[in-house]
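So the structure is just underneath, and the comments pick up after that.
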Ligand code: 5GP
Ligand code: ZN
């Protein structure tokens, strides 16, 4: 049986984005699960976190299923740049650009990652504490 990665490459070759069947963020990106979307385009979706830890807590995800930051490849360079541009745009949209904000990725177990679809937390709306 073909591995998930092989299947993903096949889908890419056919112009279909790789998605993971049991991934909640793939489902949100596909509109199969509800979310409060604040921005979306062909490459990314930004939506409000269901359990916010700050007055503004948005998750920015690629539509493509990448499990965690260590799984990125040189092919994803443009996507990662785009995610940062979108983060700044969403920060402006939500009134965070002047006072500032935090953009965080939790990577794997010790980094505190719970959902294994790459995402960046955009946090703001109050003075944030030191990390760690
Ligand atoms: P992680 O700990 O993996 O970096 O962050 C996962 C984040 O996803 C958490 O902040 C959690 O509250 C959020 N989350 C988990 N499930 C859902 C969901 O179904 N909808 C939304 N909007 N956020 C979710
Ligand atoms: Zn996914």
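Taking each residue of segment 55-67 that is farther than 18 Å from residue 107 by Cβ and looking for partners that are within 16 Å of ligand 2 (Cβ to nearest atom) and modelled with pLDDT under 95 with beta-carbon atoms closer than 6 Å, six or more apart or interchain, yields 63/17. Within segment 50-84, no residue satisfies the criterion of being more than 12 Å from ligand 2 (Cβ to nearest atom), under 11 Å from the mean Cα position of the chain (by Cα) and in a loop (DSSP other than H, G, I, E, B).
Of the residues making up segment 24-39, those that are in contact with a strand residue (DSSP E or B) (Cβ under 8 Å, 6 or more places away or on another chain), surrounded by 15 or more Cβ atoms within 10 Å (Cβ to Cβ) and more than 10 Å from residue 119 (Cα to Cα) are 28, 29, 35, 38, 39.
Restricting attention to segment 85-101, the residues that are surrounded by 14 or more Cβ atoms within 10 Å (Cβ to Cβ) and outside any helix (DSSP H, G or I) total 4.
For segment 1-30, enumerate the residues that are assigned to a loop (DSSP other than H, G, I, E, B), modelled with pLDDT of 95 or more and more than 11 Å from residue 63 (Cβ to Cβ).
Pass one, segment 1-30, residues assigned to a loop (DSSP other than H, G, I, E, B): 1-3, 14-23, 30.
Now drop any that are not modelled with pLDDT of 95 or more, which leaves 23, 30.
If the condition is that a residue be assigned to a loop (DSSP other than H, G, I, E, B), modelled with pLDDT of 95 or more and more than 11 Å from residue 63 (Cβ to Cβ), then 23 is the only one that fits.
The values are calculated or read from the model by the stated rules, or taken from the named source; none is laboratory data. Note that the coordinates shown come from a computational prediction; the quantities given were computed from them, not determined experimentally. Cβ sites come from the backbone with ideal geometry, for glycine too, and all protein chains shown count toward neighbours.
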